[in-house]
Structures are given as structure tokens and as C-alpha cells.
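Remarks on the structure that follows.
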């Protein structure tokens, strides 16, 4: 996020209903691979199958409701359809920032507000989650940004 974008966030004053997402363009602009971070959040079984973030390919996924075929990242598919279904995917001991990142990956990076994240993880409260979402770590480590405008 540029200095100008940081100032814009401060001026627009995001609230508990402001939506956030993982900004994949930010990752590319930083010359970083978000797949490395996603791999770190895989369950032990998926990590054993996929020795690194580079060992995965895109796969054809068939939407069971519509029959539509979509090409999806195999790493993200594993996290969404295996790891996120486990009871230990998000626990009370999972760091809050990691829990938020995991929610976004598990829901296909659909935009979510602090209120909606609270409904999914049941920890803290929406105002405290908003403070975390606006914190430096969420931008610089996870690439999570508010959707402005």
C-alpha cells in the first residue's frame, strides 16, 4: 500500500462494515508469492502431499451446483476443501491475524467486513477486529486491504 493509499484509508475511516480482501495485486507488486504463505497454513496431511508451494498445479474444479468447470489453484483448493474443514483450522490458540487470513482463503477471498469475520471466528469483537484489519501486519504480511470506493 502506497503512502497515498494509507492516507486515503485514514481519511475514509473504514468501519466495522467496510469490506476487506486479500489484495493479490499487492502481492504481485511487492514481488512476493502469496502461495508461500498459503502453503504455510495447510494442514499436516496436505503439506505431506504437497512438498512445497511450487509442487501444485491448477486443477479443473466442477461446481456441484451448476456443473460449471473452473480452473483453480491446487494449493488453494487443498486449503479450502480439506484444511478449512478440520476442527483445528481455526482454534482459540490460532493467532488472530492468521485466523483472519485463513477465513479469507477458505471463503475464496470473497470480501468480508469485520462484522462478518467475527461471525465466522467468534473471537474478539468487530471493533477490535477492525483495529487488527487496519494494522500494519495485515497489510505487510498478509496483504489484506480494505476495499475503498
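All of the numbers you see were taken from the coordinates with simple rules; none came from a lab. Quantities reported herein were computed from a predicted structural model and do not represent experimental measurements. All Cβ positions, glycine included, derive from the backbone under ideal geometry; neighbour counts span all protein chains shown.
By average Cβ neighbour count within 10 Å, what is the ranking of 27-38, 132-143 from highest down? Each step should come with its number before you reach the end.
On the way: 27-38: 14.8, 132-143: 17.4.
Averaged packing, sorted descending, gives the order 132-143, 27-38.
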Ignoring everything except DSSP H segments at least 4 long, calculate the 222 nm mean residue ellipticity for the chain; use -39,500 (n - 2.57) per segment, divide by total residues, nearest 500. -12000 deg cm²/dmol
Given that compact globular proteins tend to follow 2.2 N^0.38 Å, what is the ratio of the alpha-carbon Rg of the chain to that value? 1.08
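Please order 124, 113 by the number of other Cβ within 10 Å, starting at the fewest. Could the numbers behind the result be given before it?
Details: 124 17, 113 21.
Ordered from fewest to most neighbouring Cβ atoms within 10 Å, 124, 113 come out as 124, 113.
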Note the angle between two axes, namely the Cα long axis of helix 96-106 and the longest principal axis of the Cα atoms of the chain, as a number of degrees from 0 to 90, rounded to the nearest 10. 50
Angle between the chain longest axis and helix 3-12 axis [Cα atoms, degrees, rounded to 10]: 70
Over region 3-146, calculate the relative contact order: mean separation of alpha carbon pairs under 8 Å at least 6 apart, over the residue count, as a percent. 33
